[in-house]
1. Using a Förster distance of 30 Å, how high is the FRET efficiency between residue 22 and residue 192, based on the Cβ-Cβ distance and rounded to 0.05?
2. Fewest to most neighbouring Cβ within 10 Å: what's the order for 35, 364?
3. What do you get for the angle between helix 87-107 and the principal long axis of the chain? Use alpha-carbon atoms, 0 to 90 degrees, nearest ten.
4. Taking all pairs of different Cα atoms in region 21-69, averaging 1/r and flipping that mean, what Kirkwood radius in angstroms comes out?
5. At what distance in nm do the modelled label points of residue 185 and residue 451 sit from each other, each positioned 7 Å from its Cα along Cα→Cβ?
6. Does anyone have the angle between helix 333-353 and the longest principal axis of the chain? Alpha-carbon axes, 0 to 90°, nearest 10?
7. So, in Å, what gap is there between the alpha-carbon centers of region 306-324 and region 284-298?
8. Run the quick spin-label model on residue 85 and residue 178: label points 7 Å from Cα toward the beta carbon, then report their separation in nm to one decimal.
């Protein structure tokens, strides 16, 4: 096959849509909201936690970063298990475990217990989330799939926006001692309702043949060790740089190099495992699926850039401007709110515009960050939060046009039987990008602040974030140029309607033969 010839990916024939799919999506979004809320809600409670259980700065780092680390470790393996044994039981198991871990967090009597419970909570989130993207792939197709992923993106944006606000309100209402415990207890009724409705509305798993029950345990261990070695020094660097009195970083940077070596070993093992006729943890042919590799690269780089925006601004508002945690959360809400609204809209537009929509979104984010840079140069003092509202809103709108549409396009041609694994792998890349971005951007902020001042530190840190967004924009633009047009399926009933074909290709992976240029 030459480079000029199209690549054809034969997909299984479609089944009738599940009549309960929209109700099932609601259950998925509620559970996903719960796990994502716990990423941001805990940040505003850290001072209260420190007083309540006598947590050290190192403990506080692990309460935050341990969650992200455990989350990233379990994503791919859980996605694989869901693909093999069925997504509904794995989803329910993840929700139950998350609820139990939340209860343990709220009842924790020491920092050690709290850190351990947060690790379990993060692992439960990693078990649950690949099932959400896999179920969307399974239950929806065509334009409906883009809308479903758009609603998922809106949920991500809303959870990010309300996390600090809800946490601040709970602590304000119940006091420091009881308030931080209730930011975990609020998960319990959500988990109970999610389990009950999941049993009613999520599609039952198909009976798997014994030949398919191959979970590739060596691959699981190798990938887990790879992700651990890559993430551990990054999350400790990102969190440790700002923790007063935390001392030197415990995990040296060269551990990440070991992670790179383990990644090579993992790939070699998966290839060997496949040649022996076994079913690998990660089918490396996924990276030959049209749009998957390029979308994963864009996602990894972009998450490295935009997550650092929240990290730097919330610290800057509190340390330099004297904002309370609640006010700091409100100050960055325009970004999250714009992202939530734009993600829902992007779900409707991705079928028509495809990769162009992501490229426009990245351009908008970059433009918003340029204006943020200009505002920081001319506005100082407490009014800065108001002055940044509009540029952060613009950047947030652009972000909403990036994340969900990019996920839709990246997973568009992935066969449904591999949807959980593909979604887990995609999210693992995003977690690695997040940890690396926060480590890099945080290091720049604290280094420049130490030698000059906090304002200059924030400016240069946000310039690094903008640089990463620019690299993601370049990657998306190159992919758009390589495609030279949208991906077209070759269904007979769509042959006479090019616009409909564009929409199906952007969101359908169940019943099409996807054809794309080299």
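Only the coordinates and a few stated rules stand behind these numbers; no lab work does. What you see is a predicted model, and the numbers here were worked out from it, not measured in a lab. Virtual Cβ from ideal backbone geometry, glycine too; neighbours counted across all protein chains shown.
1. 0.90
2. In order of increasing Cβ crowding within 10 Å: 364, 35.
3. 10 degrees
4. 12.3 Å
5. With each label point 7 Å from Cα toward Cβ, the separation is 4.9 nm.
6. Once rounded, the angle reads 10 degrees.
7. 35 Å
8. Going by the 7 Å Cα→Cβ label model, 4.0 nm.
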